[in-house]
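**Student:** My structure is below; once you've seen it, I'll send some questions.
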Amino acid sequence: MVTTHNLGFPRIGAKRELKFALEKYWKGESSRDALKAEGAGLRARHWKDQAHLNHVPVGDFAFYDQVLDMSFTLGNLPARVRGFHGDALDNAFRVARGRSAQDAQDHAACCGGVAAGEMTKWFDTNYHYIVPEFEADTQFRLDASRLIEQLGEASAQGVNPKPVIIGPVTYLWLGKAKDESDKLALLPRILPVYAALLDHFAAQGVDWVQIDEPALVTELDAKWRDAFVTAYDALSARRVRLLLATYFGQLQDNLPLACKLPVDGVHIDAINARDEIDEVVRHLPETAIVSIGAINGRNIWKSDLDATLDWLEPLHRQLGERLWIAPSCSLLHVPVDLNSEVTLDADIRSWLAFALQKLDELNVLARALNHGRDSVADALAANAAAIERRRKSPRVNNPAVKAAIAKIDAALGKRQSAYEQRAKKQAAILGLPAFPTTTIGSFPQTGEIRRARSRFKAGALDHAGYQAAMEREITRAVKEQEALGLDVLVHGEAERNDMVEYFGEQLDGYGFSQFGWVQSYGSRCVKPPILVGDISRPKAMTVEWIGYAASQTNKPMKGMLTGPVTILNWSFVRDDQPRSVSCQQLALAIREEVLDLEKAGVRVIQIDEAALREGLPLRRSQWNEYLRWAVESFRITANGVRDETQIHTHMCYSEFNDIIASIAEMDADVITIETSRSDMELLDAFNDFEYPNQIGPGVYDIHSPNIPSETHIVDLMKKAAERIPAERLWVNPDCGLKTRQWDEVIPALKNMVAAARSLRQGA
């Protein structure tokens, strides 16, 4: 009989229960006990939803981030929070966001705010993790209480628990040495802690432990490969069985290594690495479990169950009870329940599967393998009919869009003149001072904005009333910026629910869920639009709002757009055509919007490519092809304008050293980047590469409620000026201000403007 299991479940809740509980606690509106009770309730509900599986994950739940939780389990706390007394959960929040609750017990007087931990993307997903911090003298000390508590809860509920932990090598690989010491030198110190943790599991009666080592799908040098051998040899004298989980890519040259490690089974992501399964089976010992990730854990399209069974059935005949099946990775990356989507278009809905539906698909596969396809004939027939309807649907295929793609040529991506000539014309028109100040685009989404949007969507507010409400908010944002003395203003994006969904709603070829929320980090959730078919732009999307904002001021008003690569990477994308083709379709659509903004007199246009780097394949050998079409798509979008129009772009979490030449090829007049949490270390890329255009390194960490001082900002900008000529520097936050409150934003921006003025005096 085939065994079913899951690598992880969405923790935020079908109705974002965890998000709202976290935010109430952080505001001081609920107790720590109430927050913990909400977490326990969510865990119980999620285990119940997975009770039909042979093994249910435990430890995949986190109040903020699973990597941060692993740091606390290993006793790896940054020095800046080690002396704080009180609850470990509050310390975790301090590391994650700079502070815990506003009125957290025992901490109001002594521990107001600290520097938040660096945050970056979890491999090539849209989830963010808190980067572990290491120093040469880092010590580890086990705290298994969180996992033991959750094991007790799960066992009491009657499910068969499978603890999920991040493996020792991947944990070190994910982290950052703050003193430039060798992370791998810490391996001998961390392994005894892992061994002790496995002993704790054995004492709790645990049979299988899932130990995640996704670093194995990346390019590893000899030192890191040797580290895997050292680590798992050290853990071989254990009393539990280990399932080594890999996901997000192919093992390639690491396949023999993964298969020879002394573990009891290996999980393979068959969505990305199906061609490697036979080789994995050949390399593994004959007693080892082979876990196959047969259901896509990162996208929301129905699986073609008949096609999946075509290649699973021979494998089942070969392996028998050694075969386990599961989603390809944790279901953290998809929404919880499609059954909540009562307003979603019926055709589109019939093509989709969210987390619970993916587990249903897994159950159908298991029954078919164990009892034959006839035992699930109705389910297979319904699945096949949905797959065929999608393939033939005119909502998917638009001949006009395909014809436009065929006409793309190199001229579409070229500016009229080189940057040096453009910069002189732009300077003459804009008349900006040294160290010009701006923001990244969004301002706080207030309760008034959210209420007006909800009433408008519910039909309780007509279009005129909604437009008036948004115009009031835009006027407020403009006036606040003028009062602060910012140089290039933005309209604040009051009308935008999300920087991707907003555009998707106005493009043909997209579909939208109502409750398709996915965790991005902490309490931050996004609802990715669904790229259903060929993309086109029926009408202008932003011109009216930007034009209204421009009419409220004499200062330059920046038009705000999301770029094609980011729209692609932050959507649930089609799986029936190359990503590059979808990106080109988006580029042509956004290009039309850029040209319409220019016609309306907008002289500064920002095209956000926040997700450019996160789309990189996990293996460097595959980067060039991605960067080729990603940069080309941006250039198609941006470069149809006149020299006098200044093009900005913004990038998040972009460690630029390895792709700086490609960023230069984008040829944006100004790039703004997130650097505040890295203390400007991300600008090291510019030490060896002479970037030709203007740069705005972020000086205000908007992911933390902490307010940066004028002195702190000046110091950061002076560090930036050591790498980049001062005359090409802008001063700006590191990201949009949508998630912050006005009472945080105004003093922070006031300090930022004051810092810019101080820098001008010292120039």
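The values are calculated or read from the model by the stated rules, or taken from the named source; none is laboratory data. What you are looking at is a predicted structure, and each value in this text was computed from that prediction instead of being measured. Cβ atoms come from the backbone with ideal geometry, glycine included; neighbour counts cover every protein chain shown. These accessible areas exclude ligands, DNA and RNA; they are computed on the full protein's heavy atoms, side chains included. Shrake-Rupley method; radii C 1.70, N 1.55, O 1.52, S 1.80 Å.
**Student:** Sort the following peptides by mean Cβ neighbour count (other Cβ atoms within 10 Å, averaged over residues), highest first: 716-726, 88-98.
**Tutor:** 88-98, 716-726
**Student:** Further question: Using the Karplus equation 6.51 cos²θ - 1.76 cosθ + 1.60 (θ = phi - 60°), what ³J(HN,Hα) coupling, rounded to whole Hz, does each residue of the range 243-257 give in order, writing x for Gly and Pro?
**Tutor:** Going residue by residue, I get 9, 7, 9, 10, 6, 6, x, 8, 6, 6, 5, 8, 4, x, 4 Hz, with x marking Gly and Pro.
**Student:** Let me ask you something else. Summarise the accessible area of the range 604-715 (1.4 Å probe, protein heavy atoms) by the percent that is carbon and sulfur.
**Tutor:** Percent of accessible area from carbon and sulfur atoms in the range 604-715: 42.
**Student:** Please compute the net charge surrounding ILE474, taking Lys and Arg as +1 and Asp and Glu as -1 over other residues with Cβ under 12 Å from its Cβ.
**Tutor:** Residues near ILE474 contribute -2 overall.
**Student:** Where nothing but the Cβ of Lys and Arg (+1) and of Asp and Glu (-1) is charged, how large is the charge dipole of the range 241-334 around its Cα centre, in debye to the nearest 20?
**Tutor:** Taking the Cα centre of the range 241-334 as origin, the dipole is about 280 debye.
**Student:** Whole Å is fine, so just give me how far the alpha carbon centre of the range 210-274 lies from that of the range 136-186.
**Tutor:** The range 210-274 and the range 136-186 have Cα centres separated by 16 Å.
**Student:** Could you run the Karplus curve 6.51 cos²θ - 1.76 cosθ + 1.60 with θ = phi - 60° over the range 267-276 and give me ³J(HN,Hα) per residue in whole Hz, x for Gly and Pro?
**Tutor:** For the range 267-276, the Karplus curve yields 9, 10, 6, 6, 6, 9, 10, 4, 5, 8 Hz.
**Student:** Using a 1.4 Å probe, what is the accessible area per residue for the range 409-497, in Å²?
**Tutor:** That works out to 45 Å² for each residue.
**Student:** About its Cα centre, how strong a charge dipole does the chain have in debye, to the nearest 20, once Lys and Arg get +1 and Asp and Glu get -1 at the Cβ?
**Tutor:** On the way: 88 positive and 103 negative charges, 262 e Å.
Once rounded to the nearest 20, the dipole reads 1260 debye.
**Student:** Follow-up. So which of LYS48/LYS162; LYS302/LYS358; LYS402/LYS599; LYS457/LYS527; LYS539/LYS738; LYS121/LYS719 end up more than 18 Å apart, counting from Cα to Cα?
**Tutor:** As for pairs spanning more than 18 Å Cα to Cα, those are LYS402/LYS599; LYS539/LYS738; LYS121/LYS719.
**Student:** Among LEU151, GLY113, SER181, whose Cα projects farthest towards the positive end of the dipole of the range 113-267, with charges put on the beta-carbon of Lys, Arg (+1) and Asp, Glu (-1)?
**Tutor:** Sorting the options by dipole projection puts first LEU151.
**Student:** With θ set to phi - 60°, apply the Karplus curve 6.51 cos²θ - 1.76 cosθ + 1.60 along the range 328-336 and write out the HN-Hα couplings as whole Hz, x wherever there is a Gly or Pro.
**Tutor:** For the range 328-336, the Karplus-derived couplings read 5, 8, 4, 7, 3, 8, 10, x, 7 Hz, x marking Gly and Pro.
**Student:** Also, quick follow-up: With Cβ to Cβ distances under 13 Å as the rule, what net charge do the other residues near MET499 carry (K, R +1; D, E -1)?
**Tutor:** So the surrounding residues net to -3.
**Student:** Follow-up. Set Lys and Arg Cβ to +1 and Asp and Glu Cβ to -1, take the dipole of the chain about its Cα centre, and tell me which of GLN577, ALA477, VAL206 lies farthest positive.
**Tutor:** ALA477
**Student:** To the nearest 10 square angstrom, how much accessible area does TRP224 have with a 1.4 angstrom probe?
**Tutor:** Counting only protein heavy atoms, TRP224 exposes about 30 Å² to solvent.
**Student:** Further question: So if I take the centroid of the Cα atoms in the range 342-360 and the same for the range 564-603, what is the distance between those two points in Å?
**Tutor:** 26
**Student:** Next question, about the same structure. Would you compute, from DSSP H runs of 4+ residues alone, the mean residue ellipticity of the chain at 222 nm, taking -39500 (n - 2.57) per run and dividing by the full residue count, rounded to the nearest 500?
**Tutor:** Calculated from helices alone, the mean residue ellipticity at 222 nm is -13000 deg cm²/dmol.
**Student:** If you place +1 on the Cβ of every Lys and Arg and -1 on the Cβ of every Asp and Glu, how big does the dipole about the Cα centre of the range 295-355 come out, in debye to the nearest 20? Write out the running numbers ahead of the final one.
**Tutor:** Values: 5 positive and 9 negative charges, 53 e Å.
Result for the range 295-355 is approximately 260 debye, rounded to the nearest 20.
**Student:** So what does THR125 come to for accessible area, using a 1.4 Å probe and Å² rounded to 10?
**Tutor:** The accessible area of THR125 comes to roughly 0 Å².
**Student:** With the other protein chains left in place, how much accessible area per residue, in square angstrom, belongs to the range 628-749 at a 1.4 angstrom probe?
**Tutor:** About 31 Å² of surface per residue is accessible.
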